[in-house]
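Single-structure report; data block below.
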Amino acid sequence: MNSIAKQIRCIMDENQGKIYSINDFYDLGTKNTVKSILYRLSEEKEIVRLLDGLYTKPKFSKILNEYSYPDASAVAEKIADKFSWTIAPAGDTALNYTGLSTQVPNVYVYISDGPYREYVYRGKTIIFKHTTNRYITSYSKELSILIQAIKALGKDQIREVDMRKLAVYARVVQEDLKKDTRKLPVWMQNVLLEIEKIRDGR
């Protein structure tokens with residue numbers, strides 16, 4: 001095994017469970033060299049190919065007596081990192097992030113400033129939907145998730161109990177929910193204002 005392959009295997013051995021793409025090893029060799037090494041290591045069962053261009057060294061759990069693999073949300077984040085997309089959970093995925101849904105989704109939906117893409121990963125579907133930049137690049141990830149959760153619930157479907165749960169989640173949002181969301185539709189601004197009042201105990 002050549003030195004580049006040894007370095008890659010060593011890095012992945014020391015970071016079991018972490019997802020790597022070809023991009024992560026460009027400082028070690030050319031794209032084609034790295035690509036062929038990762039392919040060979042996966043063929044030799046040294047590492048596991050998760051999706052095209054994404055690899056990991058699975059962690060072995062002695063308690064469960066089996067290997068554990070990254071979850072779909074971690075894979076989605078790594079896909080976005082690989083292509084330099086900005087993404088945010090949307091639909092039921094956003095509801096899951098904010099605590100409005102406790103069900104583990106089979107379909108993970110994200111808005112993205114990249115193209116529409118769909119992947120199947122270990123029985124789960126990951127979908128990236130293209131959206132206008134202002135819905136993701138204008139806000140922090142936390143606020144983007146909050147906005148997408150409100151959007152998923154819909155204008156006339158938001159209950160008091162939903163507001164209270166979103167107010168708990170909104171504690172991690174750094175922006176001013178009134179001043180920093182003026183580009184949004186008025187109904188969403190009103191919902192965010194109510195969430196801010198509940199969060200701040202007003």
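The values are calculated or read from the model by the stated rules, or taken from the named source; none is laboratory data. What you see is a predicted model; the values in this text were computed from it and never measured. Here the Cβ positions follow ideal geometry from the backbone for every residue, glycine too, while neighbour counts run over all protein chains shown. Ligands, DNA and RNA are stripped out before the accessible areas are found, and what is left, the full protein with its side chains, is counted by its heavy atoms. Shrake-Rupley method; radii C 1.70, N 1.55, O 1.52, S 1.80 Å.
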field: Residue list for the range 183-202, filter: charged (D, E, K, R), loosely packed, with under 12 Cβ neighbours inside 10 Å and more than 17 Å from LYS155 (Cα to Cα)
entry: ASP200, ARG202
task: Scan the range 1-16 for residues that are outside any loop (DSSP other than H, G, I, E, B) and either exposed (fewer than 11 other Cβ atoms within 10 Å of the Cβ) or acidic (Asp, Glu) (or both) and report the count.
output: 4
- prompt: Within the range 90-126, can you find the residues that are assigned to a strand (DSSP E or B), free of Cβ contacts under 8 Å to residues at least 60 places away in the same chain and of a type outside the set (S, T, N, Q)?
  reply: VAL107, TYR108, VAL109, TYR110, ILE111, ARG117, GLU118, VAL120, LYS124, ILE126
statement: Only one of (1) part of a helix (DSSP H, G or I); (2) crowded, with 17+ Cβ neighbours inside 10 Å does not apply to TYR139, and that is (1)
task: Looking for whichever is out of contact with any Phe, Trp or Tyr (no Cβ under 7 Å at 6 or more places or on another chain) and not acidic (Asp, Glu) here; the options are SER112, SER84. Which one fits?
output: SER84
query: Can we say SER68 is surrounded by fewer than 17 Cβ atoms within 10 Å (Cβ to Cβ), under 23 Å from TYR97 (Cα atoms) and of a type in the set (S, T, N, Q)?
result: yes
- request: Name the single residue, out of those in the range 142-162 being open to solvent by 30 Å² or more (accessible area, probe 1.4 Å) and over 21 Å from the mean Cα position of the chain (by Cα), that is farthest from ASN190 (Cα to Cα).
  value: VAL161
query: So is LYS45 of a type in the set (Lys, Arg) and at pLDDT 95 or above or not?
result: no
